[in-house]
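The values are calculated or read from the model by the stated rules, or taken from the named source; none is laboratory data. Source: prediction; values computed, not measured. Note: ideal-geometry Cβ built from the backbone for every residue, glycine included; neighbour counts use all protein chains shown. Note: accessible area is taken over every heavy atom of the protein model, side chains too, but ligands, DNA and RNA are not part of it. Shrake-Rupley method; radii C 1.70, N 1.55, O 1.52, S 1.80 Å.
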Amino acid sequence: MKLLSVIVPCFNEQEAMPIFYNEIVKVADTMKECVDFEVIFVDDGSRDNTLLVARELNDKDKRIKYISFSRNFGKESAIYAGLEQAKGDYIAIMDVDLQDPPKLLVDMYRGIVNEEYDCIATRRVSRKGEPPIRSFFARRFYSLINKISKTEIVDGARDYRLMTKQMVDSILELKEYNRFSKGIFSWVGYKTKWLEYENVERVAGETKWSFWKLFIYSLEGIIAFSTVPLAMASVFGMIFCLAAFVIICFVVAKTLIFGDPVAGYPSLICAITFIGGIQLFCIGILGQYLSKTYLETKQRPIYIAKERSLD
Ligand code: UDP
Ligand code: MG
């Protein structure tokens with residue numbers, strides 16, 4: 001019998017976990033003829049009783065496993081840890097808040113087994129229930145990153161997906177410290193089918209993503225999957241050289257024809273501050289890439305596990 005692993009990153013999710021457990025067990029029951037289940041809760045340094053709940057579920061049901069981190073490493077690290085730990089022939093990643101409907105697993109499984117896909121991924125078609133500004137910036141982010149990156153980042157793509165062991169092994173080969181999963185999944189390739197569903201609100205607890213966190217995350221995505229911003233400094237440089245050339249010609253001609261009355265203090269200040277701003281902006285971009293490179297060269301572990309369930 002084949003095994004299906006479900007990886008569930010959890011950060012302060014004590015309320016949602018029992019509800020999730022009930023739902024996933026139902027799905028496991030409907031699929032018990034064709035596949036066995038294992039569920040791996042990755043406690044991402046929660047400050048509530050997430051770990052206790054995971055231990056209890058593990059006592060009650062041996063299909064439930066868990067890993068607990070020494071601190072909060074972020075969802076990307078939790079996904080990596082789960083993928084490493086998973087023993088399944090098929091491996092799914094799912095949120096604990098039931099925003100990723102567990103019932104879809106049945107269709108996903110069929111897609112992989114019957115239609116020979118390597119991966120069945122999901123995307124939200126609507127952003128219902130999300131603050132409008134957030135949706136607006138999310139859309140802008142996706143259109144920007146797809147213009148400047150060779151790796152396709154699908155708008156509305158969730159982390160919810162079912163993959164073959166082979167694809168997961170490829171993902172695990174990408175050991176980078178700054179992990180942007182949406183890009184990594186797409187980068188490794190393989191045949192992917194997209195299922196679509198309406199946005200669902202979470203069952204319990206609250207979202208862990210503030211607007212600021214999302215903003216930083218989007219920068220990480222851009223830095224990890226595009227080097228276009230680095231080239232921007234050169235482009236700005238060329239534009240300004242051209243502009244400077246034109247202005248010099250103009251000033252020389254003007255001085256020759258009309259003489260040199262001292263004037264133009266305001267325009268000078270404007271030019272200095274503008275160019276100063278552009279320079280700082282470009283140095284900032286350099287700094288972003290440099291800091292990411294710096295972190296990569298340290299080769300720190302992606303996560304530190306403090307406790308694992310026994311097999
Ligand atoms: N999560 C995590 N570590 C974090 C933040 C979130 O493991 O630092 C988990 C969280 O417990 C949930 C999933 O990632 O299972 C998605 O988080 P959330 O529902 O807050 O994000 P949203 O659905 O609002 O994008
Ligand atoms: Mg959620």
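For the stretch 278-303, a residue qualifies if it is in contact with a Lys or Arg (Cβ under 9 Å, 6 or more places away or on another chain) and among the β-branched types (Val, Ile, Thr), and exactly one does: ILE302. The condition of being aliphatic (A, V, I, L, M), surrounded by fewer than 19 Cβ atoms within 10 Å (Cβ to Cβ) and away from ligand 1 (no atom under 16 Å from the Cβ) does not hold for ILE171.
Kindly provide the set of residues from the stretch 189-205 that are of a type outside the set (A, V, I, L, M), within 12 Å of ligand 1 (Cβ to nearest atom) and surrounded by 13 or more Cβ atoms within 10 Å (Cβ to Cβ), ordered by number.
First, pick out the residues of the stretch 189-205 that are of a type outside the set (A, V, I, L, M): 189-194, 196-199, 201-202, 205.
Retained after the next criterion (residues that are within 12 Å of ligand 1 (Cβ to nearest atom)): 199, 201-202, 205.
The answer is ASN199, ARG202, GLY205.
In the list ILE133, ILE145, which residue meets the criterion of being touching a residue at least 60 places away in the same chain (Cβ under 8 Å), open to solvent by less than 20 Å² (accessible area, probe 1.4 Å) and over 24 Å from PHE20 (Cβ atoms)? Outline the logic, then answer.
On the way: ILE133 fails: open to solvent by less than 20 Å² (accessible area, probe 1.4 Å).
Just one listed residue meets the conditions, ILE145.
Residues that are among the charged types (D, E, K, R) and not in a loop (DSSP other than H, G, I, E, B) were ranked within the stretch 155-168; the one that is surrounded by the most Cβ atoms within 10 Å (Cβ to Cβ) is ARG161. Restricting to the stretch 44-79, and then to whatever is among the small types (Gly, Ala, Ser), more than 16 Å from ligand 2 (Cβ to nearest atom) and in contact with a strand residue (DSSP E or B) (Cβ under 7 Å, 6 or more places away or on another chain), can you tell me which residue is most open to solvent (accessible area, probe 1.4 Å)? Ranking the qualifying residues of the stretch 44-79, first place goes to SER70.
Looking at SER218, SER186, which one is away from ligand 1 (no atom under 16 Å from the Cβ), at pLDDT 85 or above and either in contact with an Asp or Glu (Cβ under 7 Å, 6 or more places away or on another chain) or under 23 Å from ASP100 (Cβ atoms) (or both)? Reasoning before the result, please.
Numbers: SER218 fails: away from ligand 1 (no atom under 16 Å from the Cβ).
The unique qualifying residue is SER186.
One residue stands out in the stretch 206-246 among those that are open to solvent by 40 Å² or more (accessible area, probe 1.4 Å), within 16 Å of ligand 2 (Cβ to nearest atom) and not acidic (Asp, Glu): the one that is nearest to LYS147 (Cα to Cα), namely LEU214.
Would a scan of the stretch 201-222 turn up a residue that is touching a residue at least 40 places away in the same chain (Cβ under 8 Å), in a loop (DSSP other than H, G, I, E, B), touching a helix residue (DSSP H, G or I) at 6+ places or on another chain (Cβ under 9 Å) and within 30 Å of GLN299 (Cα to Cα)? Scanning the stretch 201-222 turns up at least one residue that is touching a residue at least 40 places away in the same chain (Cβ under 8 Å), in a loop (DSSP other than H, G, I, E, B), touching a helix residue (DSSP H, G or I) at 6+ places or on another chain (Cβ under 9 Å) and within 30 Å of GLN299 (Cα to Cα). The criterion of being part of a helix (DSSP H, G or I) and within 21 Å of the chain's Cα centre (by Cα) does not hold for TYR303. Does the stretch 262-283 contain at least one residue that is surrounded by fewer than 10 Cβ atoms within 10 Å (Cβ to Cβ), more than 21 Å from the chain's Cα centre (by Cα) and not in a helix (DSSP H, G or I)? Yes; the residues of the stretch 262-283 include at least one that is surrounded by fewer than 10 Cβ atoms within 10 Å (Cβ to Cβ), more than 21 Å from the chain's Cα centre (by Cα) and not in a helix (DSSP H, G or I).
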